[in-house]
Each structure stands twice: as C-alpha cells, then as structure tokens.
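These notes concern the structure reproduced below.
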2 protein chains.
Amino acid sequence: MGAVTAADRRPKQDRSRATRQRLLQAAVACLAEHGWAGSTVSVVAERAGVSRGAAQHHFPTREDLFTAAVEYVAEERSTALRALFPQSGQGPAGDRRAVVTALVDLYTGPLFRAALHLWVAACNEDQLRPRVTELEARVGRENHRIAVELLGADESRPGVRESVQGFLDMARGLGLANLLTDDTARRERVVAQWAALLDEALR
Amino acid sequence: MGAVTAADRRPKQDRSRATRQRLLQAAVACLAEHGWAGSTVSVVAERAGVSRGAAQHHFPTREDLFTAAVEYVAEERSTALRALFPQSGQGPAGDRRAVVTALVDLYTGPLFRAALHLWVAACNEDQLRPRVTELEARVGRENHRIAVELLGADESRPGVRESVQGFLDMARGLGLANLLTDDTARRERVVAQWAALLDEALR
C-alpha cells in the first residue's frame, strides 16, 4: 500500500473535528437543559448523532467531555464578542453601553447555565473539582481581558481594575437571577444604571 | 384525666420548636456541604439528632424541609444584620462601607451555598421549582429592603433603586466566585471600590 498523502488525511481530520464540535455543542446544551445529574456521555452522544464509542474516543471520561465543552463554547463566545466590537477601546467610549450589554449577555444564556451546573456539581465531586476550578480561572481571566479591551479601560489607573471585576461579578449575579425566572425587564434597568456608573468610574 | 393547662403544654411546644430549629439548621449545613443530591430528610435527621419519624412529622417532604430551612436561616441572618446596624440610614452614611461589607457577607457563607444548591436543583426538579422560585423572590425582596434601609438609600430618586439592585447582584456574583476557591482577597478589593461607586450613586 502506498503512503497516505495529506489530501487523503484531510477529509478524515475534518470529519473528526466536526464530530468533536458537535459533541461539545451538544454537551453544553445538555448540561444547560438537564443539569449535571442528567448529563452523561451517552445522552450527549445520542443528541449529537454520534455513536457512544466515537464519543468516548474523543472524550474518554465524562469530566473530559463537559469541561472541554464549557471551555470550547466560552472561546466561541469570546471570539464572537470581539468580532462584534472590532473598534472598541480605540476611540472614545461611545458604545460602552452596548459593550456592557453584550458582556452581561455572556452570563445570561445557555453557556452560563451549563457552566453553573458544572461549578455546583464540582463542589461535591472530587474528580471534577480541580478541573472546573482551573477552567473557571481560565475563562474568568479571558472574560476580564475582553471586558478591559472592549470597555477601553485603563487598568494603570487606581480602582479601574476593581471596577471592571465588580462589573463582571454583577453580570454573574444577574445570570444567577435569571436562572429560574425571566429577569430581562429588571436586568435591563439595572444594566442601564450600572453602565452609567461604570462609565463614570472608567473616565 | 383533667384538662391540659397552658403550663402543661408549654414545655412540649418548646421542645417541638427546638427540634424544628435543629432540623432547619442541620438542613442548611447539609445542603451547603453535600449539595442537593446528598441531602435527604434522613441525613438531616441524623445530623440533628432527631428520629426520622419526628423529622417527617415536622416536614412531610424533602422539599418542605429544605425550602423552610433556607427561609429560616435567611430570616435569622436578616435579623442579625439589622441588629448589627441599629442606627443605619438615619444619620450621615458614615458606615456605608461597613454596611456594604456586611451585605456582601450574606452571600459568601454557608447560607448562600445552600441556597445555590437549591436553586440549581430546582432547574431540573418540577416539584421543587415553583417553591424555590417563590422563596427566592421573597428572600430577594427582603434583602433589597434591608439594603435600602441600612444604606439609607432614597429610592424616590431616579437610578437609586437600580444602583442598590445591581450592588446586590454583584454580591450574588461574588458569592458564586467564592464557591470553589477562597476569593476573599480579590473580593475585598472589589468591594472597597464598589462601595465607593455606590456611595457616589446614593449621594
């Protein structure tokens, strides 16, 4: 048999990558909808239309699958957010209110819900805890970096770093308030007010 | 047999109340430590040193026990908080920073951890969801009322209500950030900065 060429390998790699992405997206959706107790590799494989064996080839353990899934979707969201505000932080902060709203949106969708289920499960599962702790730190740092960038915040000024951090903590709290009920109307008023306060603080 | 007098009944009522309180406190501690999956009426009864039958006499269902427990401990904390700042909201807001710190503390201890486990479990348990939704609204309103009172916030002024709400959302987000790691050092810096922003907003 002849050597396998790059052209032969490409489609197989593409298929493998596509399968992996389908699994990751299905895992986040599953976690958001059914919580940790209802989220197993089998359930996700079925949802993604992938065999259980193929799923386990990509993700040997349940912890592998769900931590990778939250990280993957968080990265996707970050990329989308940066693409939404390509000019931010460079000119005057005219669209700071829009940036604040978009950042809060990071915490009120299925991704936050999935991450929350994972965090809470990690409190009581020894195998999950160190991985989720590390993941949370990584995603937290990345979200902070994006916020600083898009808000055009000058962290060399005293208090600015803490203002941005507190704002992201508020966004996380707003995500929690949206867990059992639709908190949109109240959230919009809170975000409008704090966008103005944050704008003052960053000036 | 003669009629039971009030004096005869008193000790029995006292014992019953003491048993109830022990169960409620044990339930919150259990939920905070072991999460919803590890928290049953039997586990709590054992922790409280009460028979399973007695526990079920007080709380017929698991949902009864844990929602009552979170509500009871939340009320205890509110009362303690009000007692800590008897003069607040009356004079100049000199101790606003201390009030802000005490309010944030509401969200970083075992009570918040227990409530969080209950909220997240309620996402996927139909019997729990309506009760926890109602409980969350009640506790949320009470915490808002205390915050307004202790901060001496004048809600008739535009934006003040939303400033206080956003601050409580931040406190909730800080509670979440403290779930898997000890976030105390970062939290203190964030709270110091946001206490100053809030003070400006309430002036």
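Read-outs: derived from the displayed coordinates by stated rules, not from any lab. Note that the structure is predicted; figures quoted are calculated from it, not measured. Cβ atoms come from the backbone with ideal geometry, glycine included; neighbour counts cover every protein chain shown.
Along its three principal axes, how long is chain B when you only count alpha carbons? Whole Å, largest extent first please.
Extents along the principal axes: 68, 41, 30 Å.
Step through the residues of region B:146-155 one at a time and calculate ³J(HN,Hα) from phi using the Karplus curve (6.51 cos²θ - 1.76 cosθ + 1.60, θ = phi - 60°), rounding each to whole Hz and writing x for Gly and Pro.
4, 4, 4, 5, 6, 7, x, 7, 9, 6
Over the protein assembly as shown, what number does the Rg to Rh ratio reach, with both radii from the alpha-carbon atoms and Rh per Kirkwood?
When Rh is taken as the Kirkwood radius, the ratio is 1.04.
For chain B, modelled as a Gaussian network with Cα springs under 10 Å, which listed residue fluctuates most, B:95, B:169, B:182?
The residue with the greatest mean-square fluctuation here is B:182.
Report the relative contact order of region B:62-202, percent, no decimals, based on alpha-carbon pairs under 8 angstrom and at least 6 residues apart.
Relative contact order of region B:62-202: 33 percent.
Return the sequence-ordered ³J(HN,Hα) values of region B:186-192 in whole Hz as given by the Karplus equation 6.51 cos²θ - 1.76 cosθ + 1.60 applied to θ = phi - 60°, using x for Gly and Pro.
My calculation for region B:186-192 gives 5, 4, 4, 5, 5, 5, 4 Hz in order.
Rounded to the nearest 20 Debye, what is the dipole magnitude of the protein assembly as shown about its Cα centre when Lys and Arg each give +1 and Asp and Glu each give -1 at the C-beta?
My answer is approximately 500 debye.
Could you tally the net charge around residue A:55, taking each other residue with its Cβ under 15 Å from the Cβ of residue A:55, Lys/Arg +1 and Asp/Glu -1?
Taking every other residue near residue A:55 into account, the sum is +4.
Can you list which of the GluC sites (Glu not before Pro) found in region A:113-163 are DSSP loop residues with at most 15 other C-beta atoms within 10 Å?
The qualifying sites are A:155.
Mind listing the label-point distances from residue B:37 to the same position on all other copies, shortest first, one decimal in nm, points 7 Å along Cα→Cβ?
0.9
Under a point-charge model restricted to the Cβ atoms of Lys and Arg (+1) and Asp and Glu (-1), what is the dipole moment magnitude of region B:64-188 relative to its Cα centre, in debye to the nearest 20?
280 debye
Please compute the net charge surrounding residue A:67, taking Lys and Arg as +1 and Asp and Glu as -1 over other residues with Cβ under 12 Å from its Cβ.
-2
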